[in-house]
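Okay, so here's the structure we're looking at.
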C-alpha cells in the first residue's frame, strides 16, 4: 500500500470534522478567547492573560460552589449506585412482571427535567404539598425554601427519585447477561448468596456500573435545571451548585471573562474526575 | 460415593401435564452403580440435561424419586447432595485466581486452609493447572477454563457423583480428544461415579463403560458400547449409533419368517417373530451396513451412490423406495445398475414397533 494514496481517506472524515468543529470546537475556542480578555461591550476587547483564572480560583464564591457541587455529586453517587444495584437484584428475571417493572423504572427518566423540578417544588411545599405538609404534620419542621438542610434533603431526594432508575436499568442489563449455569454452579459449590453477589453478579456488572458511575457523575456535576426550578440556588446560596453560579456570573452579571474562565475550569474538573473514575474502575482488567 | 437410583422418574415443564408429549422425561428407571463411568446419549432436546439437573437437584422432578444409596434426596438442595457438575460452557469466577477458583467449594464448606491448600495442589496436578494457579481465571483459554470447572468438581473428596453436561462443546477439536482421555484417566484414578451427557456417539462410546441411550425422554437401552453396536434393543439405538446407522427395512411376517419385498430374509430372532406379527405390530428388519454383502442372489437393489470412506466404501442402494446401505471393503468390485445383497443371518433381527422382538 502506498501511503500517499491513503490521504484520500481524510475526505470521508471531513463531514464529521466540520460538524464537530461547529458544535464543539468553535464554541469552546470562543470561550477560551473570552477567558483571557476583558470586554465592556461593543466588541471591544483587552487582553488580560490568566487574570480571570487566578481570580476565579481565588474566589471564595467559586470554591464554595465547587464544594457544594462535590458534596452533591458524591452524595447522590453514594446513594444511587448501591440503591440501583439493590433494586436491580430484587427485580424478577422472567415473566410478565419484567416488562411492568422496566416500564415503571423508566418512567422518571421520561419526564422533562424542568417538570421534575416543578413537581418536586409543589410536592414539597410546606403548606400545600403532600410531602411538605405530611412532614410538618408529623412534627418535623420542614421548609425547603427557608432551611438549607431541608433544601438539601429535597434536592437529593429529587435526584435519587429521578436518576436511580438509570442505574437500575444498567445494572439489570448486566445481571440478565449472566448465564444460568453460573448460578447453578454456585449452588453446587455451596456458595452463600453474598458469595454469589460478590464473585458472580458484581464482577459481571462491573462494566455497566463503570458506565453508570461515569454517566451519573457527569450528569450530576452538570445539573442545572432541576435545582434551578426547585430552589433557584437558595435559601441564600446554600444550594447554589457550580452551574447555577456560572449562569449567575455569565448572564446575571454579564462578567463574560470570569464566566469563561470558570467554564474552562469547570470542564477540566469534569474531565479530570471522569478520568480518575474510569482508571480506578477499570484497573487490573484483562483485555 | 453412592449408588444412584432413579425410581419411576417423570418430569414435565407444563403445569398440569395430561398427555405423554407434555413430559420431557416420560418414565425413567435407572440404577447407576458406584464408581462407574456412564454416558447419557441422545439427540438434542431429548431431556438429557433435564435428567442431569434432577440428579444434581437443580430441578425437582414432577413424579418419582432420586435415591443415593438408600437415602431419598429427591427434594434436597444441590449443596446437600454432595455432587459436582461441569457445564456446557465453562463457569469460572472471573475475579479469582485459578487457585481460589479451585478452593471455592472447599472454603464455602469451611474446610481448614491447610487442607484446602493440599487438596487444591493435588487437583491442580491432576488437571495440569499447577503452572497457572496464581493466574487470574478470566485470562485462560476455553479448555483451561473447562479444566477449572472440572477441577472444582474433583476438589471435594467425598462427592457422590460428577456430572458432565456436554463439556466439550466449546473446546477446539484438536483439544477435545486430549480432554477426553484426561477425563478417562481421572476416572480410573479417583473412581468416582461419572455421568457424561452428550449427543456425540464418539464421546459417549469412548468415555463410558455403560451408555444410556435416551431419545425423547425414554431410556431405550443401557449397555456397553459393544452391546449397543451388536445388539441394539431399539431401532433408534441402531440408527443413532454407528456411521452410517443401521438399515431399518419395513417387512411382513409370514409363517414365522420375515419377508421383505417378496424375499424371505433369515433372521436371528425368528422364534419370537410369529408372536410379534400376531399382535398386529409394525415389523421391521434391522441390519447394520457392516453385515450387508454383495452376492450373486438375494435382495435386488438399484445402486444409487458409492462413497469412499477410507478402508471401505459406503454403497447406497434402493430396493423399491427403501434405502439400504452396505459397507464394502476396498478392492471388491461393485456392479453398476442392479446388484444383489445378502444379509448376515446372525446379525439380522426383527423389530416390532421399534423394539427388538
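I'd like to know if the stretch A:133-154 contains one or more residues that are in a helix (DSSP H, G or I), more than 21 Å from residue A:75 (Cα to Cα) and within 14 Å of chain B (Cβ to nearest Cβ). Checked the stretch A:133-154: no residue is in a helix (DSSP H, G or I), more than 21 Å from residue A:75 (Cα to Cα) and within 14 Å of chain B (Cβ to nearest Cβ). Quick check on residue B:91: is it assigned to a loop (DSSP other than H, G, I, E, B), within 12 Å of chain A (Cβ to nearest Cβ) and crowded, with 22+ Cβ neighbours inside 10 Å? When the stated conditions are applied, residue B:91 passes them.
Return yes or no: is residue B:277 surrounded by 13 or more Cβ atoms within 10 Å (Cβ to Cβ), over 23 Å from residue B:228 (Cβ atoms) and modelled with pLDDT under 80? Judged against the criteria, residue B:277 is a match.
Counting only helices (runs of 4 or more DSSP H) that fall entirely inside the stretch A:159-254 and contain at least 2 residues that are surrounded by fewer than 21 Cβ atoms within 10 Å (Cβ to Cβ) and within 14 Å of chain B (Cβ to nearest Cβ), the qualifying elements are A:180-188, A:193-196, A:202-222. Residues of the stretch B:56-63 include at least one that is in a helix (DSSP H, G or I), surrounded by 18 or more Cβ atoms within 10 Å (Cβ to Cβ) and within 12 Å of another protein chain (Cβ to nearest Cβ). Taking the stretch B:211-237 as the range and being closer than 16 Å to residue B:184 by Cα and surrounded by fewer than 18 Cβ atoms within 10 Å (Cβ to Cβ) as the test, only B:224 passes. With respect to the conditions (1) touching a residue at least 40 places away in the same chain (Cβ under 8 Å); (2) within 14 Å of chain A (Cβ to nearest Cβ); (3) touching a helix residue (DSSP H, G or I) at 6+ places or on another chain (Cβ under 7 Å), residue B:66 falls short on a single one, namely (2).
Selection of the stretch B:1-24 for residues being in a strand (DSSP E or B), out of contact with any helix residue (DSSP H, G or I) (no Cβ under 6 Å at 6 or more places or on another chain) and closer than 25 Å to residue B:203 by Cα yields B:4, B:5, B:6.
Only a single criterion out of (1) under 17 Å from residue B:262 (Cα atoms); (2) touching a residue at least 12 places away in the same chain (Cβ under 8 Å); (3) surrounded by fewer than 16 Cβ atoms within 10 Å (Cβ to Cβ) is not satisfied by residue B:321, namely (2). Would the stretch A:70-77 turn up any residue that is more than 19 Å from the chain's Cα centre (by Cα) and modelled with pLDDT of 85 or more? Within the stretch A:70-77, not a single residue is more than 19 Å from the chain's Cα centre (by Cα) and modelled with pLDDT of 85 or more. Residues in the stretch B:105-163 that are in contact with a strand residue (DSSP E or B) (Cβ under 6 Å, 6 or more places away or on another chain), away from every other protein chain (no Cβ under 11 Å) and closer than 23 Å to residue A:198 by Cα were compared, and the one that is surrounded by the fewest Cβ atoms within 10 Å (Cβ to Cβ) is B:134. Restricting B:245, B:280 to residues that are on the phi > 0 side of the Ramachandran plot and part of a loop (DSSP other than H, G, I, E, B) narrows the list to B:280. In the condition set (1) surrounded by 15 or more Cβ atoms within 10 Å (Cβ to Cβ); (2) closer than 25 Å to residue A:123 by Cβ, residue A:265 is compliant with all but (2). Taking into account only those residues within the stretch B:72-88 that are in contact (Cβ under 8 Å) with a residue 24 or more places away in the chain and part of a loop (DSSP other than H, G, I, E, B), which is nearest to the other protein chains (Cβ to nearest Cβ)? By that ranking, first place goes to B:87.
Yes/no per residue for (1) touching a helix residue (DSSP H, G or I) at 6+ places or on another chain (Cβ under 7 Å); (2) surrounded by 11 or more Cβ atoms within 10 Å (Cβ to Cβ):
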{"position": "A:25", "(1), (2)": "no, yes"}
{"position": "A:30", "(1), (2)": "no, yes"}
{"position": "A:40", "(1), (2)": "no, no"}
{"position": "A:56", "(1), (2)": "yes, yes"}
{"position": "A:64", "(1), (2)": "no, yes"}
{"position": "A:69", "(1), (2)": "yes, yes"}
{"position": "A:73", "(1), (2)": "yes, yes"}
{"position": "A:78", "(1), (2)": "no, no"}
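Tell me whether the stretch B:2-12 contains one or more residues that are farther than 28 Å from residue B:200 by Cβ and in contact (Cβ under 8 Å) with a residue 60 or more places away in the chain. There is at least one residue in the stretch B:2-12 that is farther than 28 Å from residue B:200 by Cβ and in contact (Cβ under 8 Å) with a residue 60 or more places away in the chain. Surrounded by 13 or more Cβ atoms within 10 Å (Cβ to Cβ), touching a helix residue (DSSP H, G or I) at 6+ places or on another chain (Cβ under 9 Å), part of a helix (DSSP H, G or I) and at pLDDT 90 or above: does that describe residue A:107? So residue A:107 does not fit the description; no. Here residue B:204 fulfils each of the conditions (1) away from every other protein chain (no Cβ under 14 Å); (2) in contact (Cβ under 8 Å) with a residue 40 or more places away in the chain; (3) not in a helix (DSSP H, G or I) apart from (3).
The values are calculated or read from the model by the stated rules, or taken from the named source; none is laboratory data. Since the model is a prediction, treat every value here as computed from it, not as a measurement. Cβ coordinates were reconstructed from backbone atoms using ideal geometry, including for glycine residues, and neighbour counts include every protein chain displayed.
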